[in-house]
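Okay, so here's the structure we're looking at.
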Amino acid sequence: PETTPGPAQSLNDYTPVIYVVAASMCMYYVFLFYQSYTTFDELQKARKTFRDKKTKEAPDIKQIKYGVENVNVVAANRTAGNYTEQLVPFLLGLYFYSTYVSVQGAVKWGWVWLFFRSFYTVVFKLPFPCLLISTIPAYYCVWFMMGATLVTISK
């Protein structure tokens, strides 16, 4: 269906926005599953290292899951955590923007936000300030949608 260039006038106008919301929920669960997978994968690696007598202390799931020494686990935890922290403002911005400003614009900003969130794990593992390649544009998407909505409704 064609995307409405202005504010949503009917429930059907929200259809393309729902696709963005569905994709954001899928990405949310991908990050949560990746978080669990990474913990168990790193635990298995640590157990193998212990069995091969390369470490003296047997690994503990709590050390792996909640410790800060394993960069892969920390990256997976921060990816899921940061996404969770940003999801509510994003969804609110998406809804408000599509309701008061433009469905077409909300869909565009939504897909851009998802793109920049998608590689957070990769840039988290790189030296700072590489992480900002993911976070700053994603924050901009949210703030732009909220700011434009406020400007529009204040007229």
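The values are calculated or read from the model by the stated rules, or taken from the named source; none is laboratory data. Worth saying up front: this structure is predicted, and the values here are computed from it rather than measured. Glycine also receives a Cβ, built like all others from the backbone with ideal geometry; neighbour counts cover every protein chain displayed. All accessible areas refer to the heavy atoms of the entire protein, side chains included, with ligands and DNA or RNA removed. Shrake-Rupley method; radii C 1.70, N 1.55, O 1.52, S 1.80 Å.
Just to confirm, what accessible area per residue do you get for the chain at 1.4 Å probe, in whole Å²?
61
Roll a 1.4 angstrom probe over the protein heavy atoms and tell me the percent of accessible area of region 43-127 that is carbon or sulfur.
Accessible surface attributable to carbon and sulfur in region 43-127 totals 61 percent.
What nm distance separates the two modelled labels at ASP60 and LYS125, each placed 7 Å from Cα along Cα→Cβ?
2.7
Can you list the lysines whose alpha carbon is less than 19 Å from that of LYS56, not counting same-chain residues fewer than 8 positions off?
LYS45, LYS48
Please report, to one decimal in angstroms, the Kirkwood hydrodynamic radius of region 1-112 built from all distinct Cα-Cα pairs.
Evaluated over region 1-112, this radius sits at 16.5 Å.
Arrange the residues LYS56, LYS45 by how much accessible surface each exposes, largest first, with a 1.4 angstrom probe.
LYS56, LYS45
Using the Cα centre as the reference, give the magnitude of the dipole from point charges on the C-beta atoms of the chain (Lys, Arg: +1; Asp, Glu: -1; all else neutral), rounded to the nearest 20 debye.
660
Could you report the accessible area of ARG47 in Å², rounded to 10, computed with a 1.4 Å probe on the protein chains as they sit in the structure?
Here the accessible area works out near 120 Å².
Can you tell me the 0 to 90 degree angle between the C-alpha axis of helix 132-153 and the longest principal axis of the chain, rounded to 10?
The answer is roughly 30 degrees.
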